[in-house]
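Written below as structure tokens is the structure these notes are about.
The values are calculated or read from the model by the stated rules, or taken from the named source; none is laboratory data. Here the structure is a predicted model, which is why all the values come from computation and not from measurement. Here Cβ is always computed from backbone atoms with ideal geometry, including for glycine, and neighbour counts include all displayed protein chains.
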Amino acid sequence: MIKQKTLEDLYTDSLLLNETEVTEAILPLISIQRGSNKIFFKHDNTTNIQKIVAYMLAKKLIASKETAFSERITAAEIFEELNLKRGTTDGTLGKLRKDKILVGSGGQDGGYEIPSYKIKDALIIINK
């Protein structure tokens with residue numbers, strides 16, 4: 001006899017955000033200032049796409065611990081915080097959206113984020 005599928009079959013006990021895995025991937029690239037949560041890059045030889053993805057993953061980790069902290073970021077925030085040129089920022093965000101690593105819109109009302117189901121793909125970018 002075939003067992004009927006129920007809502008219970010859709011639930012999982014695994015975490016969507018594996019803190020250890022994400023931390024291990026971004027640790028060589030960034031540090032986060034305690035108190036202000038300001039994100040700093042440790043060296044300059046990180047590619048622009050790696051910078052953006054590492055920054056977004058760091059914000060996602062912080063937001064998972066601090067409910068008042070938003071993981072969504074705007075293009076303007078990336079431009080300002082990462083000191084990237086506007087064209088570089090927009091082009092890289094466009095590529096990440098096209099590859100479906102990011103969701104959302106970069107406007108002031110919205111913002112981009114890496115959805116939990118795309119973290120594995122984001123980690124591949126970090127580890128290149």
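Select from segment 55-88 the residues that are of a type in the set (K, R) and surrounded by 15 or more Cβ atoms within 10 Å (Cβ to Cβ) and write down the one among them that is farthest from R34 (Cα to Cα).
Checking each candidate, the answer is R72.
Here are the criteria: (1) surrounded by fewer than 20 Cβ atoms within 10 Å (Cβ to Cβ); (2) in contact with a Ser or Thr (Cβ under 7 Å, 6 or more places away or on another chain); (3) not small (G, A, S). Tell me which single one I52 does not satisfy.
(1)
Test of understanding: among Y55, Y117, which residue is among the aromatic types (F, W, Y), in a helix (DSSP H, G or I) and modelled with pLDDT under 90?
On the way: Y55 fails: modelled with pLDDT under 90.
Result: Y117 is the single residue among Y55, Y117 that is among the aromatic types (F, W, Y), in a helix (DSSP H, G or I) and modelled with pLDDT under 90.
Within segment 70-114, track down each residue that is over 13 Å from Y55 (Cα atoms), basic (K, R) and part of a loop (DSSP other than H, G, I, E, B).
Passing the criteria: K85, K100.
Cβ contacts < 7 Å: first residue more than 12 Å from I126 (Cα to Cα), restricted to segment 1-28; second residue surrounded by 10 or more Cβ atoms within 10 Å (Cβ to Cβ) and modelled with pLDDT of 90 or more, any location; separation 6+ or different chain. Result?
L17/K60; L17/I119; E19/L61
Does L29 qualify as being under 25 Å from R97 (Cβ atoms), surrounded by 12 or more Cβ atoms within 10 Å (Cβ to Cβ) and in contact with a Phe, Trp or Tyr (Cβ under 8 Å, 6 or more places away or on another chain)? Please lay out each step first, then the result.
On the way: under 25 Å from R97 (Cβ atoms): yes; surrounded by 12 or more Cβ atoms within 10 Å (Cβ to Cβ): yes; in contact with a Phe, Trp or Tyr (Cβ under 8 Å, 6 or more places away or on another chain): yes.
Yes, satisfied.
Being within 13 Å of the chain's Cα centre (by Cα) and modelled with pLDDT under 90 is the filter; apply it to segment 89-114 and report the residue that is surrounded by the most Cβ atoms within 10 Å (Cβ to Cβ).
Going through the qualifying residues, I end up with G111.
Mind listing whichever residues of segment 18-40 are in a helix (DSSP H, G or I) and of a type in the set (S, T, N, Q)?
Selection gives T20, T23.
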